[in-house]
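Comments concern the structure below.
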Amino acid sequence: MRNTIALLLLSLFVGASVPALAAGPEDLVKAMASEVTASVRSLPPASNGVNPQLTAIIERELVPRFDFGRISQIAMGRNWLKASPSEQKQITTEFSHLLIRTYSNAINNLRDMDVAVRSTRSNGSDSDVTVRTQMVGRGSPTSIDYSLSNATGSWKVYDVQVEGISLVAAYRDEFTALVSSDGVPGVIAALKKKNTK
Amino acid sequence: MTLSLKHLPLALLVSFALLGAPVQAAKKPAPATAAAQAEPEPAILDPFEPLNRGVFMFNEAFDAVITTPVKFLYTNLLPEPVRRGIGNVFGNLDDVYIGVNHGLQGRGNLAGNDFSRVLINTSLGLGGLFDVASDMGLAKGKGDYGVTLGVWGVGPGPYLVLPVLGVSTLRDTVGRGLRIASDPRTYLEPIPSYSLTGAEYVHVRSTNSATEDLISSSSLDKYRFTRSLFLQRRDALISAAKQGN
């Protein structure tokens, strides 16, 4: 709590444009979630399907704050090491495209929601935390928990759990099956096929 | 719409007699594990996968031919406030079961919240048509008999895909059976009973469209993806209940 107040004071001092680098994980999550909801709200009510404007919001607000390399590594699990560096790179590229599309479809549901940060817990070290938030609006609140790591000098998200569901964990299940049937190239082929649909 | 409640206590009694009395003390919650990457690959128990995949395909076809057109008519013929009212009426009945289950899980405060919601919404909310309790700050709860069984230490058992009803586990199918046995609608005449159940099914499915679209557009293997999301969700509900959140 004291830290939060200190940070708030600091941010007042430094001015409104504290770079994301200096921000703690809670502030980063809060800023990201409120910017995304505000941007979605400014759009006309969208129809279903891929909406370029929603994708633009994701590209602008989420992508710089997500560590897609780490996300791909988690989704591959043990099989990450079976992939060559160039295969790892391909998986990261294709998988981030798929995730961006998925998040673009999902954020339209956050239109009438506001973010409330509930708590932050450490995942065993100071540089790995989970920030638990709730999206509140009409109906029952939706919990969204962000896991972030500071391994590279700035806080980056490597997992998102919506109501306890991690998409990355769901993909890990898919990737594991693909590797055991068609090897690492099977994962790349399936991702490419999905992305061109 | 009047629902006969005379069979309810009997049905409840029978349900719990069937369960026996093995109300184990809830196990100590596992210490908060580090995030996803540190966990071992989750063991998914799906010995009936070939059969489940068959039922899954049947359900997809059933949705395409029946559920989707009915959903389309429902959402286009009835304006949003009417549909919300319908959802609230079913939700009000559901709150009774959420309360019962919170009670069975030893979460008295939450049960109190749920039953207050029922009282307020049934009276001030005109028979549950309006969810005034939410506006008063009494948030809607979550949970069912399957969660309660999980809190009591019953494992999920094999993953099952039920015809029309969809994804489940053995434990959650037992939970669903308890719900059906204790639901007053079960004991109505067949036509009102099936109509009410069907109406709730269509309503619930119409509110899940966004999730269903997301699964279709994101999954590489829809069966496997759905299974993972469902099992994760059930685990999350149960561990939250165990930790008293």
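The values are calculated or read from the model by the stated rules, or taken from the named source; none is laboratory data. Just so we're clear, the structure is a prediction, and the values are computed from it rather than from any experiment. Backbone-built Cβ (ideal geometry, glycine too); neighbour counts: all protein chains shown.
Picking from residues in the stretch B:164-184 that are of a type in the set (Val, Ile, Thr) and surrounded by fewer than 18 Cβ atoms within 10 Å (Cβ to Cβ), the one that is farthest from residue B:145 (Cα to Cα) is B:164. With respect to the conditions (1) surrounded by 17 or more Cβ atoms within 10 Å (Cβ to Cβ); (2) within 11 Å of chain B (Cβ to nearest Cβ); (3) charged (D, E, K, R); (4) free of Cβ contacts under 8 Å to residues at least 40 places away in the same chain, residue A:121 falls short on a single one, namely (1). Of all residues in the stretch A:142-161, those satisfying the criterion of being more than 15 Å from residue A:66 (Cβ to Cβ) and either without any contact (Cβ under 8 Å) to a residue 24 or more places away in the chain or in a strand (DSSP E or B) (or both) are A:142, A:143.
Anything in the stretch B:56-66 that is surrounded by 16 or more Cβ atoms within 10 Å (Cβ to Cβ) and either outside the structural domain of residue B:208 (by TED's automatic domain parsing) or farther than 18 Å from residue B:200 by Cβ (or both)? List them, or say none. Let's see the steps before the verdict.
Residues of the stretch B:56-66 that are surrounded by 16 or more Cβ atoms within 10 Å (Cβ to Cβ), as a first pass: B:56, B:59, B:63.
Passing the criteria: only B:56.
Inside the stretch B:223-234, can you point out the residues that are more than 7 Å from chain A (Cβ to nearest Cβ) and either of a type in the set (Phe, Trp, Tyr) or without any contact (Cβ under 8 Å) to a residue 12 or more places away in the chain (or both)? Can you show your working first?
Taking the stretch B:223-234 first, the residues more than 7 Å from chain A (Cβ to nearest Cβ) are B:223, B:226-227, B:230-231, B:234.
Listed by number, the residues that qualify are B:223, B:230.
Only one entry in B:112, B:99, B:106 is at pLDDT below 95 and over 21 Å from residue B:196 (Cα atoms), namely B:106.
Considering B:14, B:82, B:70, the condition of being in a helix (DSSP H, G or I) and modelled with pLDDT under 95 is satisfied by B:14 alone. Annotation note: of A:154, A:181, the sole residue that is more than 7 Å from chain B (Cβ to nearest Cβ) and closer than 16 Å to residue B:223 by Cβ is A:181.
Looking at A:41, A:60, just one residue is closer than 30 Å to residue B:130 by Cβ and loosely packed, with under 15 Cβ neighbours inside 10 Å, and that residue is A:41. When restricted to residues that are in a helix (DSSP H, G or I), under 19 Å from the mean Cα position of the chain (by Cα) and within 25 Å of residue B:243 (Cβ to Cβ), the stretch B:92-125 contains 17. Selection of the stretch B:144-166 for residues being assigned to a helix (DSSP H, G or I) and closer than 22 Å to residue B:203 by Cα yields B:145, B:146. If you filter the stretch B:205-221 down to residues that are touching a residue at least 24 places away in the same chain (Cβ under 8 Å) and out of contact with any Gly (no Cβ under 8 Å at 6 or more places or on another chain), you find that the one that is nearest to residue A:162 (Cα to Cα) is B:209.
For the stretch A:81-117, filtered to residues that are modelled with pLDDT of 90 or more and not in a helix (DSSP H, G or I), the residue that is farthest from the other protein chains (Cβ to nearest Cβ) is A:84. Summed over the stretch B:185-199, the residues that are within 22 Å of residue B:160 (Cα to Cα) and either surrounded by 14 or more Cβ atoms within 10 Å (Cβ to Cβ) or facing chain A (nearest Cβ under 10 Å) (or both) give a count of 1.
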